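S.K.: Shown below is the structure under consideration.
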Amino acid sequence: MLTNDAKIIKCIARQILDSRGSATIEVEITAKLNGEEISAKAAVPSGKSTGSEEAYEMRDADGGVLQVIESVEKKIAPEILNQPLDSEQIDHLMLTLDTTRNKKNIGANAMLGVSMAVIRLEAKVRKMPLWKIISEKSRFPVGKPKLYMNTLNGGAHADFCLPFQEYILAVSGETLAGANEKAQAVFQKVKNKLDEKNISYYTGDEGGLAPRLETLDEPFQILTDCIGDDPDIFIAIDAAASEFYDEKSGTYEILGNKYDRANLILIYDELVKKFNLRSIEDPFDEKDFPGFLQIVKFLGESALVIGDDLTVTNPLLVKKYGERKCATGIIIKPNQIGTILETFEAIREARSFGWKIVVSHRSGETMDSFIADLAVGVGAFAIKAGAHTQPERKAKYDRLVEIEKEMIQDEIAEKIKKEEADKARWREINS
């Protein structure tokens, strides 16, 4: 069955609410094949702590999404109706409709809703799992990512109760299902530990626990105590250093103390040596390129240095900072760039420099589990999906477990197909 026999006949958008209760959009694409109408939907997340170079998120003056709905239905829809159902072709077409540097005319959120819905519909029409068509389109081998579970929240996601934005437990295992169970269990241990210490907390934007702790070491010590000697878990952080950077003085303020670039590197190094911290995202302000360069050299292979605000899933920026050796890993967020096609390009560019790929959610999430299929389909090193405490985050973990079952069934089907082909060749040889 060829999807180019299917034609797009409908493209509509509607308002839904994200995990923060803010408006966002859901796009529904319908195609017709052999007289049958088939539809797929996609919901677009929204960030809170955002890089200045992210593609433009179109919104109304009051934060609503009527303008972006109109962009989908009046700017994009007329151009893609009656087009073959081909996600790459549709993404290319949308990029010709808006040639601005940051998608100011159409809006990255409008484009992404269409882009996600089209590739999901293409998978549906071809009767393929989404992760498998992502692998085919991106030309990356599938893989099972580590679970980067946001466990303690700080920074802009939790009123700066803790200095860093995310304290993450990176969990792996023999299976995704096993890693998922382990992640939930260790999260509960952390919750119990805070209760034992009579430390009050609330739930941060991404489902993690948001306690107020007095020292830099304390959150790391709590996580370390809960991990124990499990070799399948390490600590990662999203420092989100742009949030505590003072541009005028060129210093970083942590717990009331100001640090220059060199001393901040020493702070990170001490945490790496003292705790099982193996991954640091955005350790410096997004414009502090020398800081990224220096920490990569200083830490070497002891911890990943991951760019997010620095690179914003933009292939041109990935190339620029990859050539300068400013990172060893990258956060991938499709809504930072606007199309799945460009997301693949950013991953391809990052891999050319040997960077680790971490597919990520946003603070304003939806029930759409697309990033789970994306992480598996591109063989990502890890997926950041928040904590299981929010249904919008749990949906991603649940989808990963479903995908693992689909992968097993796919392997069985491929084995049977090969055996049948071998038997057919044997009969032909002996006929």
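The values are calculated or read from the model by the stated rules, or taken from the named source; none is laboratory data. Owing to the predicted nature of the structure, the values given are computational and were not obtained by experimental measurement. Cβ placement follows ideal geometry from the backbone for every residue including glycine, while neighbour counts extend to all protein chains displayed.
S.K.: Considering only region 377-422, state which residues are basic (K, R) and out of contact with any helix residue (DSSP H, G or I) (no Cβ under 6 Å at 6 or more places or on another chain). Explain how you work it out, then say what you get.
M.R.: Step one: of region 377-422, the residues basic (K, R) are 384, 393-394, 396, 399, 405, 415, 417-418.
Hits for region 377-422 are K384, R393, K394, K405, K415, K417, K418.
S.K.: Is it the case that F292 is touching a helix residue (DSSP H, G or I) at 6+ places or on another chain (Cβ under 6 Å) and either outside the structural domain of L271 (by TED's automatic domain parsing) or of a type in the set (F, W, Y) (or both)?
M.R.: Values: touching a helix residue (DSSP H, G or I) at 6+ places or on another chain (Cβ under 6 Å): no; either outside the structural domain of L271 (by TED's automatic domain parsing) or of a type in the set (F, W, Y) (or both): yes.
Spelling it out, it is not the case that F292 is touching a helix residue (DSSP H, G or I) at 6+ places or on another chain (Cβ under 6 Å) and either outside the structural domain of L271 (by TED's automatic domain parsing) or of a type in the set (F, W, Y) (or both).
S.K.: Moving on. Just one of D60, D98 is free of Cβ contacts under 8 Å to residues at least 40 places away in the same chain and closer than 25 Å to L17 by Cα; which is it?
M.R.: D60
S.K.: For Q390, work out the one condition from (1) touching a residue at least 40 places away in the same chain (Cβ under 8 Å); (2) buried (at least 24 other Cβ atoms within 10 Å of the Cβ); (3) out of contact with any Leu (no Cβ under 6 Å at 6 or more places or on another chain) it doesn't fulfil.
M.R.: (2)
S.K.: While we're here: Is it the case, given these coordinates, that M149 is under 26 Å from I25 (Cα atoms) and in a helix (DSSP H, G or I)?
M.R.: On the way: under 26 Å from I25 (Cα atoms): yes; in a helix (DSSP H, G or I): no.
No: the conditions fail for M149.
S.K.: Could you grab the pairs with beta carbons closer than 6 Å, sequence gap of 6+ or different chains, first residue in region 300-319 and under 18 Å from I280 (Cβ atoms), second one acidic (D, E) and assigned to a loop (DSSP other than H, G, I, E, B)?
M.R.: D308/D282; D309/D282; D309/E286; L310/E286; V312/E53; V312/E54
S.K.: Suppose the filter is surrounded by fewer than 24 Cβ atoms within 10 Å (Cβ to Cβ) and aromatic (F, W, Y); does F344 pass it?
M.R.: Criteria met by F344.
S.K.: Does region 191-206 hold any residues that are at pLDDT below 90 and either of a type in the set (K, R) or part of a loop (DSSP other than H, G, I, E, B) (or both), and which are they?
M.R.: G204, D205, E206
S.K.: Identify the single condition in (1) closer than 18 Å to R20 by Cα; (2) without any contact (Cβ under 8 Å) to a residue 60 or more places away in the chain that I371 does not satisfy, given that it satisfies every other one.
M.R.: (1)
S.K.: A further question on this structure: Quick check on region 46-53. Is at least one of its residues without any contact (Cβ under 8 Å) to a residue 12 or more places away in the chain and of a type outside the set (D, E, K, R)?
M.R.: no
S.K.: So in region 340-399, with the set limited to residues that are assigned to a helix (DSSP H, G or I) and among the polar types (S, T, N, Q), which one is farthest from the chain's Cα centre (by Cα)? Write out each step before concluding.
M.R.: First pass over region 340-399, keeping only residues assigned to a helix (DSSP H, G or I): 340-352, 370-377, 391-399.
Still in the list and also among the polar types (S, T, N, Q): 343, 352.
Working: T343: 11, S352: 19 Å.
Filtering first and then ranking leaves S352.
S.K.: Might you check whether a residue that is closer than 23 Å to S363 by Cβ and of a type in the set (A, V, I, L, M) occurs anywhere in region 262-269?
M.R.: Among the residues of region 262-269, not one is closer than 23 Å to S363 by Cβ and of a type in the set (A, V, I, L, M), which makes the answer no.
S.K.: Continuing with the same structure: Given the options L277, L317, name the one that is over 30 Å from E342 (Cβ atoms) and of a type in the set (A, V, I, L, M, F, W, C).
M.R.: L277
S.K.: Of the conditions (1) touching a strand residue (DSSP E or B) at 6+ places or on another chain (Cβ under 7 Å); (2) buried (at least 21 other Cβ atoms within 10 Å of the Cβ); (3) not in a helix (DSSP H, G or I), P219 clears all except one; give me its number.
M.R.: Just one mismatch for P219, condition (3).
S.K.: Looking at (1) more than 19 Å from N150 (Cα to Cα); (2) of a type in the set (A, V, I, L, M, F, W, C); (3) in contact with a strand residue (DSSP E or B) (Cβ under 7 Å, 6 or more places away or on another chain), which one does I199 not meet, given that it meets all the others?
M.R.: (1)
S.K.: Output the residue which, of all residues in region 134-189 that are at pLDDT below 95 and of a type in the set (F, W, Y), is farthest from E281 (Cα to Cα).
M.R.: The extreme case among them is F160.
S.K.: Of these, S279, S242, which one is assigned by TED's automatic domain parsing to the domain that holds V318, assigned to a strand (DSSP E or B) and of a type in the set (S, T, Y)? Steps first, answer last, please.
M.R.: Details: S242 fails: assigned to a strand (DSSP E or B).
Going through S279, S242 in turn, just one is assigned by TED's automatic domain parsing to the domain that holds V318, assigned to a strand (DSSP E or B) and of a type in the set (S, T, Y): S279.
S.K.: Further, regarding this structure: Pick from G107, G51, G35, G21: which is modelled with pLDDT under 95 and either buried (at least 16 other Cβ atoms within 10 Å of the Cβ) or at negative phi (or both)?
M.R.: Working: G107 fails: modelled with pLDDT under 95; G35 fails: either buried (at least 16 other Cβ atoms within 10 Å of the Cβ) or at negative phi (or both); G21 fails: either buried (at least 16 other Cβ atoms within 10 Å of the Cβ) or at negative phi (or both).
When all the criteria are applied, what remains is G51.
S.K.: Moving on. How about region 118-133: which of its residues are under 16 Å from T339 (Cβ atoms) and of a type in the set (V, I, T)?
M.R.: Selection gives V118, I119, I133.
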